[in-house]
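Student: Quick one: the structure is below, questions incoming.
What follows is calculated from the coordinates using simple rules that are stated; it is not laboratory data. Bear in mind that the values here come from a model prediction, so they are computed numbers and not experimental data. Note: ideal-geometry Cβ built from the backbone for every residue, glycine included; neighbour counts use all protein chains shown.
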Amino acid sequence: MSKRPVTVVTGFLGSGKTTLLGKVLSGPSMSNTAVLVNEFGKVGLDHHLLRRTDERTVLLENGCVCCTTRDDLVGALLELLDLDEKGEIPRLDRVVIETTGLADPAPILFTVFTDPVLQHHFTVDLVVTTVDAVNGKLHLDDNPESVRQVAAADRVFLTKTDIADPETVRALASRLGSLNPSARVSQVAPGELDAAELFGPGTGETPRCIPESGAAGHEVRDTSSTSLTFDGPVDWAAFGVWLSMLLHARGEDVLRVKGLLDVGEDGPVVLNGVQHILHPPDHLDEWPDGDHRSRIIFITRRVPAEEILLSLRAFRDLLGASPRQLEVESPPVTRSGSSR
Amino acid sequence: MCVLCGEFVAQAHWTDRHIEDRARSSETEIGDYHRDRRRDRILRASLANRVLAHYGLRLDDWSGSRYVLRDRKGGSELVQDLGSLWPVAGRMAGRTPDPLDPALMEAMSAAERPHQR
């Protein structure tokens, strides 16, 4: 049986996570979605906003979902699994976990991927991060949590764009694009949001290239990213040696690894890692598009991203191919919601 | 579960996933699986050794179930996979193997073989 997808919704305090979920979960296609939220701040209110899924909402008891209450998360997911298998709830299609505003999403991925039972029944398919268009710049400047959340994201939703001035929104979107070039950045307009926009498979999931120096002014102080490719197929076993060593030595500073790696087979290997935690790499049967080059993005903190490139270059004989930086291409920002 | 030592292995490390996943798909013959797996382990150990040599360590496949990591003073430890290799290697070598370490990068560049694989 296929694993049930888990979507992690994260974002800084007051950045509109619950509002975003509220918009999406009211749709009929989401009736088989369970939502896990936590008791932190005004969650009582948040919980009522998610009333459509009320009976499936398991309130986690101990505040932060991540670190302190991983067992609760395990318990909550096991309980849902139990109910589903007993047939006491209609088919469970998806679980949404809303984190606290200060949460680091990595421990959630860790929990789902490593728990002896959960790993066979659930998989994390998306990390969605909301960023407040009005206060986002402030959050990114002052809070490493906010930077980690953006780095971990597969999709970034800019909220409150209707009350922010367009120039601020544009600057923030560009900064988010350079901070995490692998994420799709969308603006959420007031009004309804299609569930497919949030959960559905979309375009732009594979990494794009970023301007190397043009966006430097937008970089968060000690966080940088680099996109690279290889001049040929990479030996997967050798890459595994290199990457597992890197994640062991520098895991906390490697905020994100994402991309497609050409290993000389019919399709690429999908890489997706957040800090120490790597999604089980998928070996695809074919390439998703016509571009058959490796495309990998590294987002690092405290480690200049160029050092990654230098290290891969030093390991070129082991890897069987030489890395090089990808050329410039600006990340598109899509609009969602009422513009559709 | 490891039949030799009874240790419960809860999860395949991500570097082992390729082979393990292929084993679960019905197209693979069990004989092919064992051959692929064995070959993969020997190859991986030889690749890791090119890094570990810099730290005075050596890794060998140990009857297809574990790897044994040895130093030059006769010390040895068993490791399960690449995930548990690096912490043990760090302990035995007295420093954490780091691909961003300039000395290791230099050694890897210098040790290039004349012929590409």
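Student: Scan segment B:90-113 for residues that are free of Cβ contacts under 8 Å to residues at least 60 places away in the same chain, aliphatic (A, V, I, L, M) and surrounded by fewer than 17 Cβ atoms within 10 Å (Cβ to Cβ) and jot them down. Walk me through how you get there before you give the answer.
Tutor: Step one: of segment B:90-113, the residues free of Cβ contacts under 8 Å to residues at least 60 places away in the same chain are B:90-110, B:112-113.
From the residues that got through so far, the ones that are aliphatic (A, V, I, L, M) too are B:92-93, B:100, B:103-105, B:107-108, B:110.
Correct list: B:Ala93, B:Ala103, B:Ala107, B:Ala110.
Student: Quick test for you: out of B:Trp86, B:Trp62, pick the one residue that is among the aromatic types (Phe, Trp, Tyr) and facing chain A (nearest Cβ under 10 Å). Write out each step before concluding.
Tutor: On the way: B:Trp62 fails: facing chain A (nearest Cβ under 10 Å).
Selected residue: B:Trp86, the only one of B:Trp86, B:Trp62 that is among the aromatic types (Phe, Trp, Tyr) and facing chain A (nearest Cβ under 10 Å).
Student: Please name all residue pairs, on different chains or six or more residues apart, with Cβ atoms under 9 Å, provided the first residue is in segment A:310-322 and is closer than 11 Å to A:Trp242 by Cβ and the second residue is of a type in the set (Ser, Thr, Tyr).
Tutor: A:Leu312/A:Ser322; A:Ala314/B:Ser109; A:Phe315/B:Ser109; A:Arg316/A:Ser322; A:Arg316/B:Ser109
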